[in-house]
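The values are calculated or read from the model by the stated rules, or taken from the named source; none is laboratory data. Not measured: the values here are computed from a predicted model. Ideal geometry is used to build each Cβ from the backbone, glycine not excepted, and the neighbour counts take in all protein chains shown.
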């Protein structure tokens, strides 16, 4: 048996070497297909692995809330702060409940000479450690946060601030308050929706009114329920409990609350609410990528099957001789199966090498953290090996069965034909490959176009030459913003300075607003931003009616507001002019304000959303961002001067900054990632399809060499033969194009539907994709065709 | 050793039966050297393929060493190949991707002969045919005569009771052809039964019986000393 296998292996390897072109097409194509498949599998596994590591994960839920007021529905990822304690008190099936508050800003952390900004500080109830799995390396999770002035830090932070010293009991200064380190936890895994760096007690806010406000959502709320609890029933009970509280609360009038429980492992992929704690995954994208991975694999597999069939004639003779000298059918089938498994196995090996080489680039594209060790998990190995075996068995098995079934006499007498029907199958396969490829190329072009559209459309303000300086802390600019602005404005190269609650693209909070005198139940949720009087002119935002805020006008600071055109419509005013002078009630500061101006709609969030109704107030307590308009191109000098000035204005605070155009670009990171992925897919698909095309043209020119020779002898020119062969191939590529267009069009429409601001995708995009693919196909086949056409007919027509 | 009773072979096409062999009654004894002659299309090769169990017959009975071949399944027939029958073809039909040594080895592998024994059998055969120097060459590096020599060696290596040769010298020049025929004659003298198909009177004369086929019938049979 072993001897027989050695003999088979020997002949397989000699075949690989003898038919270099076929072997190359097979192994390179399959390896590409496998590699793409493995990479996609890695991505899919990561997305599906989010929060699957929590102990008793099936009993851990996040409680979320929907606010419905009028026609406006807001689904929040977090919940009202008093809910968690109420749940434990009222419902025996809730074993534990805990809140997490993430203020979203960085804190300044100091220990000795170490002084940095740190993000992802979570204010939590101590119960959180009993609900979510957050392994402690030092300290006691049950008592760590009992004292409000204690902090639990990650392993990395412990090393960063304390080196090898045991941090327990040492004191960290955070935003000028002292905290004792009472615990060190393992670094946050990448696959959780709730990223953390440090924990401190939510007790710090115990005195705040909003901690007991049943109408203000702001704290992520997690619960662990008793085994076997009825989740639907619990949801209903929570709704009833909340309704009871709302009855006695005037602020809750006109708002309908609905509570939902989300299993913790479902959050990353299936929750797309407002204020998610991390960028959610997209199950549609997972499906799409898996589909594309399979398609590329199918392209590679069809090349393989195609060439196996083509090689059958050659191998038929060997099979029959083996039969004559004593092989039975089973032995023959197993030999040919072994042959194809050898090729698929080699391709798999090469694929793993390719994946290892590609991982660093791949990590950059999908923002991943994959290492080579990720490949060793059974979730990757098992499906990949399964597919390898399956492919090997199909691609080797079909021809093998055909061969084993041959009557020896038929072959020995030369009666086996690979007739035109075989050619048709091959052409259909190649057409199918190009069909898929064209769709992918169109997709890549469309995604890039949409990305470019969102990045380059005029958002209603000027984002150029703007230096953004975030100021961290609590009410960080309330007292000194006038001084800060004046000081910074004196720097050379600075054309203007303004302060605001955030810069465009950052998003906004929202608040309930109603025109004074109107029915209070008819509330409108408006986004709200806080700008000073210089913001609107500095950003070049146009006014549709009325005036901007006035500097030094205390009435403006306290009692005036601007709204945008969308808000004019939402609040039911007939025109921007009509809105001027009207009074509205807003619930953030809980005051009545007069509309003094209406801005044109500008995109204060990202181009992913349409411009929603907006309220602009002047309240200095909310200022936390400085925008400097620069009029020089020598940014380095200005930065140096600004940093120096910063040190005077904010002694002890680290200086940080970024440019607005960069941060605006980063809003479209998801599209950029998708564009890069789809482009990579399209390139791989094109590469594998071209391998297949090259194989096909090799077979065709081989089979038609006698015909070509005859034509030349009868007077056909080389040019005409080139035309003949080219037309034979290219017509299938064109057919693939025409078939692909409608389907691609459908996909494009579906995808663009989610974007309120979308690029127009016309026929030129489709035609461009067609031209790209066809030209590359032509280049692929040209060398082979030219060679075949130039062949001396005396050579090809010589009888063997 | 071989007994054919009323063997016939036809190809059925919708309405017409095309007869290839009809009423073949033939007995071949151990030690015979039979030449089958006849014009093209007389059914010579088909008859040889049926005897060699490479082709099915349409009717009649075929006994090989008293076993009824017409009733055997494929597995049994394969067993017969492995044990008793060696083939030699006009076009040699060596496996192109294997060396001379490996071509000789192949039938032994299928017979599951042990490594040591296999080596000595191949060495013997290479020696006997005087092709030791060629053992690592591939078929396309050999002349036609040498290839056919290897093909005969491969047929012999399983120590068959009978060798079936289909125009074994058809592709060879006369000197090479003669050498092969001498080789077959010698094997016959040593006890191997041989059946060959040939066009050539001179080559046919190497046999002790010559069977003439025409249009699928046995036309006549000559006996030689």
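Listed values, structure above:
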quantity: Lone unmet requirement of (1) surrounded by fewer than 18 Cβ atoms within 10 Å (Cβ to Cβ); (2) without any contact (Cβ under 8 Å) to a residue 60 or more places away in the chain; (3) closer than 28 Å to residue A:310 by Cα for residue A:357; calculated: (3)
quantity: Residue check for residue B:161: away from every other protein chain (no Cβ under 14 Å), in contact with a helix residue (DSSP H, G or I) (Cβ under 8 Å, 6 or more places away or on another chain) and closer than 28 Å to residue B:29 by Cβ; calculated: yes
quantity: Residue B:88 vs. criteria more than 7 Å from every other protein chain (Cβ to nearest Cβ) and crowded, with 20+ Cβ neighbours inside 10 Å; calculated: yes
quantity: Residues of the range A:628-652 classified as closer than 19 Å to residue A:117 by Cα and in contact with a strand residue (DSSP E or B) (Cβ under 6 Å, 6 or more places away or on another chain), total; calculated: 0
quantity: The lone exception for residue B:9 - which of (1) part of a strand (DSSP E or B); (2) within 13 Å of another protein chain (Cβ to nearest Cβ); (3) surrounded by fewer than 22 Cβ atoms within 10 Å (Cβ to Cβ) it fails; calculated: (3)
quantity: Selected residue (criterion: farthest from the other protein chains (Cβ to nearest Cβ)) from residues of the range A:16-60 that are surrounded by fewer than 20 Cβ atoms within 10 Å (Cβ to Cβ) and within 30 Å of residue B:101 (Cβ to Cβ); calculated: A:24
quantity: Output for the range A:704-715, where each listed residue is free of Cβ contacts under 8 Å to residues at least 60 places away in the same chain and surrounded by fewer than 16 Cβ atoms within 10 Å (Cβ to Cβ); calculated: A:707, A:714, A:715
quantity: Odd one out for residue B:155 among (1) within 25 Å of residue A:13 (Cβ to Cβ); (2) surrounded by 22 or more Cβ atoms within 10 Å (Cβ to Cβ); (3) within 10 Å of another protein chain (Cβ to nearest Cβ); calculated: (1)
quantity: Enumeration of residues in the range A:322-345 that are within 9 Å of chain B (Cβ to nearest Cβ) and part of a helix (DSSP H, G or I); calculated: A:322, A:323, A:324, A:329, A:331
quantity: Residues of the range B:120-150 classified as more than 10 Å from residue B:104 (Cβ to Cβ) and touching a residue at least 12 places away in the same chain (Cβ under 8 Å), total; calculated: 15
quantity: Filtered residue count, the range A:1-15, keeping only those that are closer than 15 Å to residue A:344 by Cα and either within 10 Å of chain B (Cβ to nearest Cβ) or surrounded by 16 or more Cβ atoms within 10 Å (Cβ to Cβ) (or both); calculated: 3
quantity: Filtered residues of the range B:166-176 (kept if out of contact with any helix residue (DSSP H, G or I) (no Cβ under 7 Å at 6 or more places or on another chain) and surrounded by 21 or more Cβ atoms within 10 Å (Cβ to Cβ)); calculated: none
quantity: Residue A:110, sole failed condition from (1) in a strand (DSSP E or B); (2) over 18 Å from residue A:223 (Cα atoms); (3) in contact with a helix residue (DSSP H, G or I) (Cβ under 6 Å, 6 or more places away or on another chain); calculated: (3)
quantity: Odd one out for residue A:286 among (1) farther than 15 Å from residue A:46 by Cβ; (2) in a helix (DSSP H, G or I); (3) in contact with a helix residue (DSSP H, G or I) (Cβ under 9 Å, 6 or more places away or on another chain); calculated: (1)
quantity: Search result, residues across the range A:724-755 that are without any contact (Cβ under 8 Å) to a residue 40 or more places away in the chain, loosely packed, with under 15 Cβ neighbours inside 10 Å and part of a helix (DSSP H, G or I); calculated: A:727, A:731, A:738, A:742, A:746, A:749, A:750
quantity: Residue check, residue B:48 surrounded by 15 or more Cβ atoms within 10 Å (Cβ to Cβ) and either within 11 Å of chain A (Cβ to nearest Cβ) or not in a helix (DSSP H, G or I) (or both); calculated: yes
quantity: All positions within the range B:91-107 that are at the interface with another protein chain (Cβ under 8 Å from one of its Cβ atoms), under 12 Å from residue B:137 (Cβ atoms) and not in a loop (DSSP other than H, G, I, E, B); calculated: B:102
quantity: Selection status of residue B:18, at pLDDT below 90 and more than 11 Å from residue B:213 (Cβ to Cβ); calculated: yes
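Table: residues versus (1) over 17 Å from the mean Cα position of the chain (by Cα); (2) more than 9 Å from chain A (Cβ to nearest Cβ); (3) surrounded by 14 or more Cβ atoms within 10 Å (Cβ to Cβ).
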{"residue": "B:25", "(1), (2), (3)": "yes, yes, no"}
{"residue": "B:37", "(1), (2), (3)": "no, yes, yes"}
{"residue": "B:73", "(1), (2), (3)": "yes, yes, no"}
{"residue": "B:78", "(1), (2), (3)": "no, no, yes"}
{"residue": "B:81", "(1), (2), (3)": "no, no, yes"}
{"residue": "B:110", "(1), (2), (3)": "yes, no, yes"}
{"residue": "B:127", "(1), (2), (3)": "yes, yes, no"}
